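To keep things clear, I will list the structure first and then write my remarks on it.
Please treat every number below as a calculation from the coordinates, not as lab data. In this text the structure is predicted, and so the values were computed from the model without any measurement. All Cβ positions, glycine included, derive from the backbone under ideal geometry; neighbour counts span all protein chains shown.
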Amino acid sequence: MFPEGFLWGGALAANQVEGAWNVDGRGPSVADVTAYKPKVDVTNYAALHSITTADIEAALADPDVDRYPKRRGIDFYHRYEEDLALFAELGFRTLRVSISWSRLFPTGEEEEPLEAGVAFYESLFTEMRRLNIEPLVTLHHYEMPLALALAYNGWADRRVIEHFVRYARVCFERFGSLVKLWLTFNEIDGIIRHPFSSGGVIPDRGDVLQASYSALHHQFVASARATQLCHELVEGGRMGCMLTKLTTYPRTCRPEDVAATQQKIIDNHFPADVQVLGAYPRLVLRKLERQGVVVPFEPGDEEVLRDHTVDFVSFSYYMTTTESIDPDAERAPGNTIVGVKNPYLSSSEWGWQVDPVGFRISLIELYDRYRMPLFCVENGIGSIDVVGEDGIVHDPYRIDYFRAHFEQMRQAIDEGVELMGYTSWAPIDIVSLSTSQMSKRYGFIHVDLDDLGRGTGERRRKDSFHWYQKVIATNGADLSGSGGDVPV
């Protein structure tokens, strides 16, 4: 059964919901120059996440919010009270949000924060507390100030560490009385796969592989220093790392497939290893050495990584994939990856394979490896929703998805996994990360906006809203029901 005090909720990112990209002094972030790409082949990962210096310059010269939908989001900046009221109605015990770094420090290099930005987040967290919703706050969620990317090639430059630490200190000093649960970097491993959105690394500025691993190292150091600050400045504060859990199965029992899978698993876990265990794995260092990658250690780095490890492990889980050395094996897209398709699984409308049992496998694997509390902070399914003639989205497919995953989550807990909570991605329809679409809908709450931003922005409860409300009210004891028998 789910433990008493289990933190049920949902998860959002500032760059996908807030909008108001140029309001109250906010500076542009890397997300504000990522374009709407509805026609890109989602199995062509390079095309999906590619960006050049010329693309950035063109975006800065273009004020359009339709071509760059993350600039408008769903107007959470102005409608957060309405949205929080809906989350409270759902019964949320926690809500994961992120802070837009450039709303506090427009270029990332200012010495003092914008008070308008501080006031917004103070108001947001205060309202969450009033509604008995525990804030879970990510400091860096694919939204670093664009100025740092342009000036330093993002996190590839060590100087960005000091700018981040100053920003983190302000967050802990100004919001620490309201926020006790923190995450440093969202899906920190993603910087190797999509270096610009994750770390402001511009691919056409030199050796992108070296720059990405340099950036990752600098994020490790910054994360450890932020963890130290959190423990010093936030009474009762706890810091977590955040991993993209990319569980991989061998496509066959052919030893070469198993060996390739083993390497995928090592690569996936290594960023959490550093933040939990306090050091780089030897196997990873040897692999990087063979690739000609130099990890830019400086005096004191090993000590800060060792001495300031995280308090819990958070992760996203959407799908599993398989690995094979067969070059002709059919491929399928997933969360920031493309892998070999598993013939035993169904797929979402965006091709992501649905694997509830893989969720249990992932929970057990992570807990067995790290032996510290876990927190699932992203899980969900993107679907095309249709508003019925009665004005309601009837979404039994979403209910079925969550029920299957919750059953596996409950089983993992029964087997001994220590799980702090679960936040769905995303509880309300938002602008998607990769293609910047609204039509890829995740929420229990429908937002009346299309891919081009047309619509009223009205919020509507879907059938799944009432189902999730019941799940939370019973602390996961009642997972029954589907679209046809949920009260509306």
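Annotations for the structure displayed:
- Taking K37, K462 and counting other C-beta atoms within 10 Å, the order from fewest to most: K37, K462
- Shape of region 7-485, Cα gyration tensor, a/c cut at 1.5: rounded
- Prolate/oblate/rounded call for region 377-475, Cα gyration tensor, a/c under 1.5 rounded: prolate
- Annotation: peptides 272-280, 451-459, 27-35, ranked by per-residue average of other Cβ atoms within 10 Å with the highest first, follow the order 27-35, 272-280, 451-459.
- Under-5 Å amide H pairs with S424, H placed in peptide plane, nonlocal only: G9, G10, A11
- Sparse-neighbour loop sites [trypsin sites (Lys or Arg not before Pro); region 364-422; at most 14 other C-beta within 10 Å; DSSP]: R371
- For region 447-482 versus region 160-189, the spacing of their alpha-carbon centroids is 30 Å.
- Neighbour counts of other Cβ atoms within 10 Å put I445, I202, I472, I325 in the fewest-to-most order I325, I472, I202, I445.
- CD proxy at 222 nm, helix term only [per DSSP H run n ≥ 4: -39500 (n - 2.57); per residue of the chain; nearest 500]: -12000 deg cm²/dmol
- Net charge of neighbours whose Cβ lies under 14 Å from the Cβ of R169, counting Lys and Arg as +1 and Asp and Glu as -1: -3
- From the C-alpha gyration tensor of region 2-106, square roots of 5λ in Å: 30, 19, 12
- Among the GluC sites (Glu not before Pro) in region 58-140, those located in a DSSP loop and surrounded by at most 13 other Cβ atoms within 10 Å of their own Cβ are E111.
- Three-way shape call for region 162-229 based on the alpha-carbon gyration tensor, with the a/c threshold at 1.5: prolate
- Once backbone amide H atoms are built at 1.01 Å from N, L449 has G457 as its partners under 5 Å, excluding neighbours fewer than 5 places away on the same chain.
- Neighbour net charge for S362 - beta-carbon separation under 15 angstrom, K R +1, D E -1: -4
- Residues in region 125-140 reached by a label modelled at E89 [backbone nitrogen below 20 Å; 7 Å Cα→Cβ]: 127-134
- For region 63-156, the C-alpha radius of gyration sits at 1.22 times the compact-globule guess of 2.2 N^0.38 Å, with N the residue count.
- Region 138-227: GluC sites (Glu not before Pro) falling in loop per DSSP and having at most 15 other Cβ within 10 Å: none
- Rounded FRET efficiency, nearest 0.05, which uses the C-beta distance separating M372 from E349 and R0 of 45 Å: 0.80
- Helix runs (DSSP H) in the chain reaching 30 Å along axis by Cα, Kyte-Doolittle at least -0.5: 208-233, 255-277
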